[in-house]
1. Kindly indicate whether any position in segment 141-158 is within 22 Å of residue 266 (Cβ to Cβ) and either small (Gly, Ala, Ser) or modelled with pLDDT under 95 (or both).
2. Restricting the search to segment 172-182, which residues are at negative phi and surrounded by fewer than 19 Cβ atoms within 10 Å (Cβ to Cβ)?
3. Could you identify the single residue in 155, 129 that is aliphatic (A, V, I, L, M) and closer than 23 Å to residue 56 by Cα?
4. Can you find a residue in segment 211-228 that is part of a helix (DSSP H, G or I) and modelled with pLDDT of 95 or more?
5. Anything in segment 183-207 that is surrounded by fewer than 21 Cβ atoms within 10 Å (Cβ to Cβ) and either of a type in the set (Lys, Arg) or part of a loop (DSSP other than H, G, I, E, B) (or both)? List them, or say none.
6. Go over the candidates 165, 169 one by one and state the one that is of a type in the set (A, V, I, L, M, F, W, C) and either surrounded by fewer than 16 Cβ atoms within 10 Å (Cβ to Cβ) or touching a His at 6+ places or on another chain (Cβ under 7 Å) (or both).
7. Suppose the filter is among the aliphatic types (A, V, I, L, M), over 26 Å from residue 192 (Cα atoms) and in contact with a strand residue (DSSP E or B) (Cβ under 8 Å, 6 or more places away or on another chain); does residue 80 pass it?
8. Can you name every residue in segment 156-181 that is over 16 Å from the mean Cα position of the chain (by Cα) and in a helix (DSSP H, G or I)?
Amino acid sequence: MHCYSCFFVGSNVYIETMTLNSFKDQYSVFVQGASKGIGLAFVREYLEDKKIKKVIASSRQLEGSALTELINQYPDKLEIYALDLESQSSIDDCAEQIINSNSSLDLILNVAGFLHSNSIKPEKRISDLNLANLSKNFSINTFGPILLTSKLLPLLKGSPYSVIANLSAKVGSIEDNKSGGWHSYRSSKAAQNMLTKNLAIELSMSNKFSTLCVSLHPGTVDTDLSKPFSRNTDKDNLFTPEECVDNLIKVINNLKEADNGNFFDWSGKKIPW
């Protein structure tokens with residue numbers, strides 16, 4: 001992930017290597033999982049940022065979402081697409097529409113996550129596991145995002161510098177796991193981390209990409225996903241979606257080449273796998 005420039009000293013020619021570590025002016029962002037919470041906060045922040053040329057957003061439920069209101073305010077800057085991460089055909093259709101409407105991308109943010117619903121709760125014991133819980137967690141947290149990302153990779157080839165940032169969770173760290181439990185969620189995030197690492201290695205070996213791939217832990221955020229489990233969280237450690245996004249954008253904007261394929265929390269601290 002380097003570019004080269006030549007300069008002359010006397011009769012000698014020297015080649016200088018310059019590391020690419022910043023987005024170009026007027027770059028494009030794709031936010032997957034953008035109808036509420038962290039994803040919606042990313043969209044709002046980037047729509048207000050004059051350095052961003054276009055914001056592309058996807059969500060499973062578009063009807064009645066805040067995204068439909070935002071597109072009325074930013075008709076020339078925002079594109080929205082329907083996406084069901086549990087459906088291969090929906091993933092294929094969403095990717096095709098984005099590729100047909102855009103020539104390049106500079107930042108892919110995979111934000112959507114699943115932890116619980118009215119019928120599915122985080123498991124406390126292995127005996128609580130069942131195929132439905134595992135399938136739901138892995139489809140949304142692991143399989144869907146990487147399948148969509150793989151289809152959007154051609155759009156990154158035209159960018160001199162790009163980032164793929166996957167929102168993970170600290171509980172997905174195997175080394176950091178001291179309490180067990182939450183089997184489906186933990187394992188789906190650990191698998192997501194492995195796919196992020198694999199993709200980072202693969203793209204770094206290709207001269208067609210100047211792309212950094214990282215996993216990001218947003219901290220405990222006041223969203224529907226965290227609400228049932230954040231009652232005892234100290235207020236200083238419970239972020240609003242807007243605070244979370246401000247933190248993560250700082251991490252993304254300060255990434256260096258050596259950070260490729262690593263896992264960071266909201267403050268930029270490296271998390272062990």
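The values are calculated or read from the model by the stated rules, or taken from the named source; none is laboratory data. Bear in mind that the values here come from a model prediction, so they are computed numbers and not experimental data. Neighbour counts are summed over all protein chains in view; Cβ atoms, including those assigned to glycine, are modelled from backbone coordinates with ideal geometry.
1. No; the residues of segment 141-158 include none that is within 22 Å of residue 266 (Cβ to Cβ) and either small (Gly, Ala, Ser) or modelled with pLDDT under 95 (or both).
2. Of segment 172-182, the ones at negative phi are 172-179.
174, 175, 176, 177, 178, 179 - these are the residues of segment 172-182 that are at negative phi and surrounded by fewer than 19 Cβ atoms within 10 Å (Cβ to Cβ).
3. After applying the criteria, what remains is 155.
4. no
5. 197, 205, 206, 207
6. Going through 165, 169 in turn, just one is of a type in the set (A, V, I, L, M, F, W, C) and either surrounded by fewer than 16 Cβ atoms within 10 Å (Cβ to Cβ) or touching a His at 6+ places or on another chain (Cβ under 7 Å) (or both): 169.
7. On the way: among the aliphatic types (A, V, I, L, M): yes; over 26 Å from residue 192 (Cα atoms): no; in contact with a strand residue (DSSP E or B) (Cβ under 8 Å, 6 or more places away or on another chain): yes.
No; evaluated as a whole, the condition is false for this residue.
8. Selection gives 171 alone.
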